[in-house]
Amino acid sequence: MPSDRWWDAVRVPSIVGVRAVGVLRERSGPIIEDRALHTMTWLVPRGSAADWDPAALGVLVLMRGLPILVPPADAQGHAEAVWWLIPPTATCLTDPDALLDVLEQVR
């Protein structure tokens, strides 16, 4: 699914993602975990991470139609290679300011 249609995505190495989840806790929106690539991906509002410095943060910001593998809504088990670490709910996007603050803390 291409990013930038409904949201952008912020991808981090899993080791950073685990620390970020521990700090964000209930402030986190859904998280896609890719066990093969050892990454975690947050969905954020379109354009909200455009001014971030991905190299300084050690993240990949996916926007402008870049593809992202989005698992089916029921992919919520450890048997899946790509699954929802935190499944989607009514609020499907993470607050980008909160995510940025946490990523600056845990990197």
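Every number in this text was worked out from the coordinates using simple rules, so none of it is lab data. None of these values were measured; they are calculated from a predicted model. Every residue, glycine among them, receives a Cβ derived from its backbone with ideal geometry; neighbour counts consider all protein chains shown.
Assorted remarks:
- Förster-model FRET efficiency, 22 Å R0, Leu60 and Ala90, C-beta, rounded to 0.05: 0.25
- Measuring nothing but how far apart in sequence close Cα pairs (under 8 Å, 6+ apart) lie, relative to its length, the chain scores a relative contact order of 40 percent.
- Residue-span extension gain [Val18 to Ala73] - 0.36 nm each, minus C-alpha spacing: 17.7 nm
- Residues in the stretch 24-47 that a label on Asp97 would reach, taking backbone N under 20 Å of a point 7 Å out along Cα→Cβ: 24-30, 42-47
- Residue exposure sequence - Glu104, Glu80, Glu26, Glu33 - by fewest surrounding Cβ within 10 Å: Glu26, Glu104, Glu80, Glu33
- For the stretch 24-76, fraction of C-alpha pairs farther apart than 13 Å, in %: 68 percent
- Each of Val12, Val70 was scored by other Cβ atoms within 10 Å of its Cβ. Listed from fewest to most, they are Val70, Val12.
- Whether the chain is rounded, prolate or oblate, judged on the alpha carbon gyration tensor where a/c under 1.5 counts as rounded: rounded
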